[in-house]
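Worksheet: one structure, shown below.
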Amino acid sequence: MKNGKLLSGIAEAVRASGLRDGMTVSFHHHLRNGDYVLNMVLEAAAQQGIRDLTVNASSLFDTHLPLLGHIENGVVTGIETDYMSGALGAHISRGALKKPVVFRSHGGRPHDIVRGASPIDVAFIAAPTSDPMGNCTGKTGPSACGSLGYAFADALHAKTVVVVTDNLVPYPLQDWSIDETHVDYVVKVDQIGDPAGIVSGTTKITRDPVGLVMADTAARVIAASGLLKEGFSFQTGAGGASLAAARYLKDIMLREKIRGSFGLGGITGYMVDMLNEGCFETLLDVQCFDLKAVQSIRENPRHREISAMHYASPGARSAVVDSLDVVILGATEIDLDFNVNVHTDSQGRIMGGSGGHSDTAAGAKLAMIIAPLSRARLPIVTEHVTCVSTPGETIDVLVTQKGVAVNPRQKELAQRLRDAGLPVCGIDELKARAEAMTGVPRPIARGDRPVAEVLYRDGSHLDTIYNTL
Amino acid sequence: MHQLVRKSTAGTMESSDVFVELEPAGQIEIEIESVVYAQFGDAIENTVRDVLQKQGVTGARVRLHDRGALECVLRARVETAVRRGREER
């Protein structure tokens, strides 16, 4: 019998993994803002005097602020990620890291890992339940997070794979997601994360009247697009207005007895309701957003876990996004060419990232941006976005509370929406209407030092983010 | 027109609103903290000066905590603060 995979603690695991100066260490973000594992591993690496590490994490949250200390001390000198939340982003934007951050999309990251463009030396995989050989899952355990979709590429392609769990069960774990053939070591720790930060109790629909108008319009656009019929497939975000749009869409689907094919994405309780009420045959889930989604993926065989490759990789023979009808997406800015920014705020500070934005926009037949005309005196539609996160040629329609702008490439769609009585107008008109309320904002000044490079899903260079002043 | 006789406030710290603090002073002094200072700092100061002038206020220390208020909101909040600052208790 092959034995000795089980190690006693993180420090021993870091030693056993062979982690050395200059290596790349990877993490998934299924524990979101409740994650303890990234901080534990880097702390152990720092104590062992390891330096010059590149951290490749599928997303980074404010709970990972200790990263800044490791950057200052030279333990971490590179960051590659798909998303970075605001507090961390503000520091990076001021130039905390010498080497520019590399931003990928949720599809681009596994694509680059699989084809060897972004090699990983050691993957530390937080697993809410594992057996001593490393068969592991996110569906059960005190820190359950549901899907482990973003961890698969790391598990399959890292040179060394360490599973970190706080719920060790006897061999063999029956319902595994990642199996033991990929796992070198298993570590039991007290807690891999804070359950309150891992999943929201409930994700809430907006009650803001502007948000509800946008959501209602969004649902009517989908209904008028010609795509809402038997076999319909759909992804939406967890933002308040996107969820409200899903609810209006559900009403239409139930009323007109339209049975869809699949719901995709980051899955919330609202998508679970749509599955259970017959709007979809299947949910394809790369990440669970709330407790109801976690329970559903554990109990309902029609709610399937998918890997990030299967979700969105442009290098896969096919990915689910290629079969997607409609996606509803957000934006901090959108410009006259329909380019979308989800990386920075309007001050140029990093506060997000692509996630699956550009992947789903490229794949879906109808890629819809839903956003208010202005936020806090700043118009959403700008001359040029501060950062191109998703190219405008993959965006089909912008829905605001005052009107719907259709990408000029989609003439047939524009006609369908007009015929349905929707308020179709030019994107330049929406810009003018916003500026009539807000005034014309003065362009912001930015530094000349690159703090992040944004890669498109195929690995090509999309944009550079410069330091804030 | 009456000058200010006491400290007053108007508005909130909610997004898209502005919290205005006003107190009597020898001349107009304006302090602006705004989430859109880079884009609208000058426009905000001009609006405040315009409202004070229209209200006939020649001496006031104004402190703004702006969360991205539209100009009409800013005007309403400053005007309200001025009226409150004039009222005798």
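The values are calculated or read from the model by the stated rules, or taken from the named source; none is laboratory data. Computed from a predicted model, the values in this text were never measured in an experiment. Cβ placement follows ideal geometry from the backbone for every residue including glycine, while neighbour counts extend to all protein chains displayed.
One residue alone among A:GLU453, A:GLU435, A:GLU412 is at negative phi and within 14 Å of chain B (Cβ to nearest Cβ), and that residue is A:GLU435. Candidates are the residues of the range B:46-80 that are in a helix (DSSP H, G or I) and within 13 Å of chain A (Cβ to nearest Cβ); the one that is surrounded by the fewest Cβ atoms within 10 Å (Cβ to Cβ) is B:CYS72. Those helices (runs of 4 or more DSSP H) of the range A:350-466 in which at least 2 residues are closer than 20 Å to A:GLY330 by Cα and in contact (Cβ under 8 Å) with a residue 12 or more places away in the chain, considering only elements entirely within it, cover A:357-363, A:427-438. Somewhere in the range A:352-371, is a residue at pLDDT 95 or above and within 14 Å of another protein chain (Cβ to nearest Cβ)? No: the range A:352-371 contains no residue that is at pLDDT 95 or above and within 14 Å of another protein chain (Cβ to nearest Cβ). Of the helices (runs of 4 or more DSSP H) contained entirely in the range A:133-251, not one carries at least 2 residues that are crowded, with 22+ Cβ neighbours inside 10 Å and of a type in the set (Asp, Glu). State whether one or more residues within the range B:33-43 are surrounded by 18 or more Cβ atoms within 10 Å (Cβ to Cβ), within 14 Å of chain A (Cβ to nearest Cβ) and at positive phi. No, because not a single residue in the range B:33-43 is surrounded by 18 or more Cβ atoms within 10 Å (Cβ to Cβ), within 14 Å of chain A (Cβ to nearest Cβ) and at positive phi. Taken residue by residue, the range A:72-84 has at least one member that is closer than 20 Å to A:ILE465 by Cα, surrounded by fewer than 18 Cβ atoms within 10 Å (Cβ to Cβ) and either at pLDDT 95 or above or not aromatic (Phe, Trp, Tyr) (or both).
When A:SER17, A:SER93 are checked against the criterion of being touching an Asp or Glu at 6+ places or on another chain (Cβ under 9 Å) and in contact (Cβ under 8 Å) with a residue 40 or more places away in the chain, A:SER17 stands alone in meeting it. Every condition in (1) polar (S, T, N, Q); (2) in the same structural domain as A:ASP345 (by TED's automatic domain parsing); (3) within 30 Å of A:THR77 (Cβ to Cβ) holds for A:SER460 except the one numbered (2).
Screening the candidates A:VAL406, A:VAL342 for the property of being closer than 23 Å to A:ARG220 by Cβ and either within 14 Å of chain B (Cβ to nearest Cβ) or touching a helix residue (DSSP H, G or I) at 6+ places or on another chain (Cβ under 8 Å) (or both) yields one hit, A:VAL406.
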